[in-house]
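Scroll down for the structure; my scribbles are underneath it.
The values are calculated or read from the model by the stated rules, or taken from the named source; none is laboratory data. Keep in mind that this is a model prediction, so the values were computed, not measured. Cβ atoms come from the backbone with ideal geometry, glycine included; neighbour counts cover every protein chain shown.
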Amino acid sequence: MSQMAQENEFPINFSLHSNRKPRILVVSMRGFHSEAYRSAEYEFEDSICTFDYADILTPRLASGVVSTLHKKLANSAARVLRKGKFLRSGCIPAVVDREYDLLFFICQQYWDLACINSIKAWRERCHKAVLWIDEIWIKEIGEQKTRLCFELAKDFDYILTTQSSSIDAISNLVQRPCYSLPYAVDTIKFCPYLEPIKRCIDVYSIGRRSPIVHKALLEMAERKNFLYLFDSLRGLQMMEYKEHRTLYSNLIKRSRYFVTNKAKFDAMHQTGGQEELGSRFFEGAAGGAVMIGTPPVCEAYTTYFNWSDAVIEIPYDAANVADIIAELDTQPERLNKIRKENVIHSLLRHDWVYRWEQILDKVGLANTPEISSRKANLENLAALIKNKY
């Protein structure tokens, strides 16, 4: 076992390709955070391990009063002295003890960046480093805490973000190349055509929702034989991310309609009116659901969901959603086409392998045979669905 794993008391998940020297080091927050909204990122990390040669480093939270006190003092000093290098996330320290071609770090929130301060020698031992920040709004970039965390981003060669409108602001702050990289999904896991599936859920809605649309769907479920599945409990913690992801994909594959809205559509205080594309659009399309909701007005949406009826747009306050669904239900051929097109476009454009290929191209690393094999499988499956269904 690696010396790094022995000395630092947290696991290194080694490459699945034991006959190949790992060239990628993925830093994962899965040992630190278990919120359900991080599940897509953990899925991406595991996908990388299937079609590339990667180790996953999973920092763990240090326990005890001394560790907690040290973290508070260090972060106070960082704020007073305005030095991001002093920031601490409370991770058990680690040392990278071998060379990698690339370090890849996904941060769901910008403050995840502080974790990199607990990993020693990563910059010296990794020839290239790419940071992918999921959520960062232009409105937040001017704040002191954000700017402090982003000091740490200056050690990376490239910065990627799902928030396409934030690119220029990040690049100006960090003085590093910044690019848009949208979400994707394990499209084979989410594909509804691999086995006979009955869509027994009428409408599936998770996370943030319009209270008006929610009320209308509840009333519809009470009046007739109509299954409306939604979050009814508070709390975001996953017991096990892979189990959560399996359940989630199975529910979407069994849903006729899936509610999708622009990211944080009801949090103007945080977004400042910025409209962005969230992960649910990719997940709903890959599962072959008919998506209904309010998509974002942004370049990412028009680029990545540019086929007919990718989302059936309804107003945020659509109290007549029951009538809209009833009208759609009179058009079975249209609905079948929507589901089929959503899945085919996902297989050909929105699998994680395509995002990873973009990253490798940025850093100048060659594709692996496993990447080519994955893409061929996706193309074959898309052709099968197109011709058979």
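Some values worked out for this structure:
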| read-out | value |
| --- | --- |
| Selection count, the range 214-243, where residues are touching a helix residue (DSSP H, G or I) at 6+ places or on another chain (Cβ under 9 Å), of a type in the set (A, V, I, L, M, F, W, C) and assigned to a helix (DSSP H, G or I) | 3 |
| Single residue of the range 126-141 satisfying the filter (over 12 Å from Tyr110 (Cβ atoms) and of a type in the set (A, V, I, L, M, F, W, C)) that is surrounded by the fewest Cβ atoms within 10 Å (Cβ to Cβ) | Ile138 |
| Output for the range 171-192, where each listed residue is assigned to a strand (DSSP E or B), in contact with a Leu (Cβ under 8 Å, 6 or more places away or on another chain) and not polar (S, T, N, Q) | Cys178, Tyr179 |
| Residues that are modelled with pLDDT under 95 and over 19 Å from the mean Cα position of the chain (by Cα), drawn from the range 245-266 | Asp266 |
| Criterion (charged (D, E, K, R) and in contact with a strand residue (DSSP E or B) (Cβ under 8 Å, 6 or more places away or on another chain)) met by exactly one of Lys85, Lys128 | Lys128 |
| Residue in the range 32-54 that is modelled with the highest pLDDT, counting only those that are outside any helix (DSSP H, G or I) and surrounded by fewer than 21 Cβ atoms within 10 Å (Cβ to Cβ) | Tyr53 |
| Every residue from the range 303-321 that is assigned to a helix (DSSP H, G or I) and buried (at least 18 other Cβ atoms within 10 Å of the Cβ) | Tyr304, Val321 |
| Filter pass, Val65 being out of contact with any Cys (no Cβ under 6 Å at 6 or more places or on another chain) and either of a type in the set (Lys, Arg) or under 29 Å from Lys21 (Cα atoms) (or both) | no |
| Scope the range 114-123; condition more than 22 Å from Leu360 (Cβ to Cβ) and touching an Asp or Glu at 6+ places or on another chain (Cβ under 9 Å); matching residues | Ala121 |
| In the range 282-307, the residues that are within 17 Å of the chain's Cα centre (by Cα) and either in contact (Cβ under 8 Å) with a residue 60 or more places away in the chain or within 21 Å of Pro196 (Cβ to Cβ) (or both) | Phe282, Glu283, Gly284, Ala285, Ala286, Gly287, Ala300, Tyr304 |
| Residue satisfying all of: in the range 252-300; of a type in the set (Ser, Thr, Tyr) and touching a strand residue (DSSP E or B) at 6+ places or on another chain (Cβ under 7 Å); nearest to Cys191 (Cα to Cα) among these | Ser255 |
| Verdict on Tyr158 being touching a Lys or Arg at 6+ places or on another chain (Cβ under 7 Å) and either within 20 Å of Ile312 (Cα to Cα) or assigned by TED's automatic domain parsing to the domain that holds Met291 (or both) | no |
| Residue list for the range 86-99, filter: buried (at least 23 other Cβ atoms within 10 Å of the Cβ) and part of a strand (DSSP E or B) | Cys91, Ala94 |
| The lone exception for Glu341 - which of (1) of a type in the set (Asp, Glu); (2) within 24 Å of the chain's Cα centre (by Cα); (3) not in a helix (DSSP H, G or I) it fails | (3) |
| Residue within the range 64-82 that is in a helix (DSSP H, G or I), at pLDDT below 90 and either within 26 Å of the chain's Cα centre (by Cα) or among the aromatic types (Phe, Trp, Tyr) (or both) present | no |
| Some residue of the range 361-369 being touching a Pro at 6+ places or on another chain (Cβ under 8 Å) and hydrophobic (A, V, I, L, M, F, W, C) | no |
| Residues being more than 23 Å from the chain's Cα centre (by Cα) and surrounded by 15 or more Cβ atoms within 10 Å (Cβ to Cβ) - total across the range 187-203 | 4 |
